[in-house]
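Here's the structure, in structure tokens; my notes come after.
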Amino acid sequence: MQNRNRAGMTYVITEVCGESKERFLNMCRHRDILFWDIHWKEDGFVACITRTDFFRLKDICHKTHMRVRIIRKVGVRFLFFRYRARISFVVGCLISFIIVYVCGLYIWDISIEGNTQYTAESLRKYLASEHITTGIPVRNIHCDEIESDLRNAYSHIIWVSVEIRGTRLIVHLKENESDHTQQKEEQGNLVAVHDGVVSSMVTRNGTPQVQVGDTVEQGQVLVSGVVTFHNDAGEEVGEQLVRADADVVLDTTMEYEKQLPHYYQKKGYFKQNIHSFIIQSGTKMVELRLPFSYKGKREEYVLWEQPKWIRLFRLPIQIGKKITKYYDYTEEEYTQEEAASILQRQFQQDLGDLYENGVQILENNVRIEEDVSCYRMKGTMHILMPGVQYAPIEEYDMPDEALTGKRDGESEHS
Amino acid sequence: MRTKISDTLALSKDSVYNLPIITVVGSCEMYIENYQSIVKYDKDLLKIRVQGGMVIIQGKNLDIEFFDSDEIAVKGCIEQVAWS
């Protein structure tokens, strides 16, 4: 039996009309002109025939007085012929496919993930020094070599993995964070940050210089970083410099003042925004926009669009949408309600910052006033605040006989 | 002479006498090998000349699936096959 594979075959569906269809079919058979899918019709039949056989029917049609009409053409050849006027579209598709394929052979993005201590820029610079840059062919990249090079070059990198995903080179790394978190111990005092009265004091390290209830001034040493050692007789036998550590709360008053002028410059945006497209390749950028000659003040936003399907396939070209908003300033005057609202909002923000820093407000005498030039929020607040800051010991003359450690003091005592 | 040779060599009759081989698949398909010509093709009737007679196929919606120099395939609702 005949095995006919019609996939990809070029053929025509014809309608054959006339009286002597049997004679027509027998003549076709004798000349090896083959029909298939022959469906009976009132005055003939409908059948499929190859394109080459169709052109051989002319003589038979003439002899048998049959008429052959093409109903439909099937096949790629006819498709190309039908769309021959759009050949440029097909060529364009082909060229774009080739471009995408060729671009896919190169690395267009180097991503570094998991770095905390080393910046991505420094790692990229190192990779560039090893000739691993964007635009390098994928076949020239040896992930194992890059991994070992990175481990050798950066001592804090304890694990690194390099992978190629699409046109991206992704470097995953882990750093040793233990050294990073160590804090250097320095010697120093704790000094008052504000004038006030010491409300409470808990000293963990160092020598307290004041007591609860003492009045202190800004910059005064509250806890000294010099620790003196005494022997059993109460004699001073040595000193050691330490980093003073204590919680000191000061009872103090704080002046508060914020001003708001009567007039302000109000920013008014134009109704129409200008939209344009940006194509960026490397450091070069081209903007596609309609000509617009206004040269006023403007804000520009660029939205870099990255479709989902392109995440793995980075190209050296980036497309973005630029929105330009034009604006101008006009002078406006605050009403009393607006000014009060703005000043209150600022005051609440400042109070929030104080609360975050551990400040307790005992009494609040801040009021809004208006004078000729501005609105003013002014007053005093009675507060309890953490009142110390660290100050390094810059110059300290250690006595010659003074010992710099407890062990030395103990040895003298013995 | 042909009969003697075919009987002696045990050859099949269809190759020696060019006799038709008719294969019927259910009542929907039919294949005739070694046919000579199509005598009549109608919606309900198909007459095919073969060596030594004619095969008459009666049925409904009879279509010729394909044909070539040796074989013809008929498709449709075959009701009766007669030899004349």
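The values are calculated or read from the model by the stated rules, or taken from the named source; none is laboratory data. Note that the coordinates shown come from a computational prediction; the quantities given were computed from them, not determined experimentally. Every residue, glycine among them, receives a Cβ derived from its backbone with ideal geometry; neighbour counts consider all protein chains shown. To get the accessible areas, we keep the full protein, side chains included, count just its heavy atoms, and leave off ligands, DNA and RNA. Shrake-Rupley method; radii C 1.70, N 1.55, O 1.52, S 1.80 Å.
Any idea what the relative contact order of region A:109-180 is, in percent, if you count C-alpha pairs under 8 Å spaced at least 6 apart?
Values: 81 pairs, mean separation 30.0, N = 72.
Rounded, it is 42 percent for region A:109-180.
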1.4 Å probe, heavy atoms, protein only - residues of region A:36-79 losing at least 20 Å² accessible area vs chain alone: A:Asp37, A:Ile38, A:His39, A:Trp40
5 angstrom amide H check on A:Val237, placed H, neighbours 5+ away: A:Phe229, A:His230, A:Asn231
Under 5 Å, built H, 5+ apart or other chain: amide partners of A:Asn176: A:Ile157, A:Ile158
Radius of gyration and Dmax for the protein assembly as shown's Cα atoms, expressed in Å? 49.7, 150
Taking Cα atoms only, helix A:21-30 is inclined relative to the longest principal axis of chain A by an angle, in degrees rounded to 10, of 80
Per the helix-only model, chain B has a calculated mean residue ellipticity at 222 nm (DSSP H runs of ≥4, -39500 (n - 2.57) each, divided over all residues, rounded to the nearest 500) of -3500 deg cm²/dmol
Given labels modelled 7 Å from the Cα in the Cβ direction, how far is it in nm from B:Val24 to A:Glu305? 6.8
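What relative contact order, as a whole-number percentage, does chain A give when Cα pairs under 8 Å and 6 or more residues apart are counted?
Values: 706 pairs, mean separation 57.0, N = 414.
Once normalised by length, the contact order is 14 percent.
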C-alpha long axis of helix A:336-356 to longest principal axis of chain A, angle in °: 70
With runs of 4+ DSSP H residues as the only contributors, calculate the mean residue ellipticity of chain A at 222 nm using -39,500 (n - 2.57) per run, divided by the residue total and rounded to the nearest 500. -7000 deg cm²/dmol
³J(HN,Hα) computed for each position of region B:35-45 - Karplus, 6.51 cos²θ - 1.76 cosθ + 1.60, integer Hz, glycine/proline x: 8, 9, 6, 9, 8, 8, 10, 10, 5, 10, 9
Nearest-ten-degree value, helix A:143-153 long axis tilted from longest Cα axis of chain A: 10
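Normalised by the residues of region B:18-83, what does the relative contact order come to in percent, with Cα pairs under 8 Å and at least six apart?
Working: 159 pairs, mean separation 20.6, N = 66.
Relative contact order of region B:18-83: 31 percent.
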Cα gyration tensor shape for region A:109-180, rounded if a/c is under 1.5, else prolate or oblate: prolate
Non-local residues with an amide H under 5 Å from the amide H of A:Asn364, with H modelled 1.01 Å from N and Pro and chain starts lacking one, are A:His382
If you put +1 on each Lys and Arg Cβ and -1 on each Asp and Glu Cβ, how big is the dipole of region A:77-194 around its Cα centre, in Debye rounded to 20? 1440
For A:Val227 and A:Gln360, calculate 0.36 nm times their separation in residues minus their Cα-Cα distance, and state this gained length in nm to one decimal. 44.7 nm
By the gyration tensor of its Cα atoms, with a ≥ b ≥ c the square roots of the eigenvalues, what is the shape of region A:222-366: rounded for a/c under 1.5, prolate for a/b over b/c, or oblate? oblate
Determine ³J(HN,Hα), in whole Hz, for all residues of region A:239-251 in sequence, where each value follows from phi through the Karplus function 6.51 cos²θ - 1.76 cosθ + 1.60 and θ = phi - 60°; x replaces Gly and Pro. 9, 9, 8, 10, 8, 5, 9, 6, 9, 10, 10, 9, 9
Which Cα, out of A:Gln218, B:Val74, B:Val50, lies furthest along the positive dipole direction of the protein assembly as shown (beta carbon charges, K/R +1, D/E -1)? B:Val50
Using the structure shown, select from A:Lys325/A:Lys378; A:Lys63/B:Lys43; A:Lys21/B:Lys13; A:Lys63/B:Lys47; A:Lys58/B:Lys47; A:Lys266/A:Lys295 the pairs with a Cα to Cα distance greater than 28 angstrom. A:Lys325/A:Lys378; A:Lys21/B:Lys13
Where only protein heavy atoms count, and the probe is 1.4 Å, what is the accessible area per residue for region A:109-180 in Å²? 56
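If you take the beta carbon distance between A:Ile274 and A:Asp350 as r and set R0 to 56 Å, what does 1/(1 + (r/R0)^6) give as a FRET efficiency, to the nearest 0.05?
In this case the efficiency is close to 0.90.
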To the nearest 20 Debye, how big is the dipole of the protein assembly as shown about its Cα centre, given +1 on the beta carbon of each Lys and Arg and -1 on that of each Asp and Glu? 7880
As I understand it, the dipole of chain A uses +1 on the Cβ of Lys and Arg and -1 on the Cβ of Asp and Glu, about the Cα centre. Which of A:Met254, A:Thr52, A:Val197 lies farthest toward its positive end? A:Thr52
Within 12 Å, Cβ to Cβ, of A:Val366, how many net charges do the neighbouring residues add up to if Lys/Arg are +1 and Asp/Glu are -1? -1
Compute for chains B and A the buried accessible surface, both sides summed, probe 1.4 Å, and express it in Å² to the nearest 100. 1800
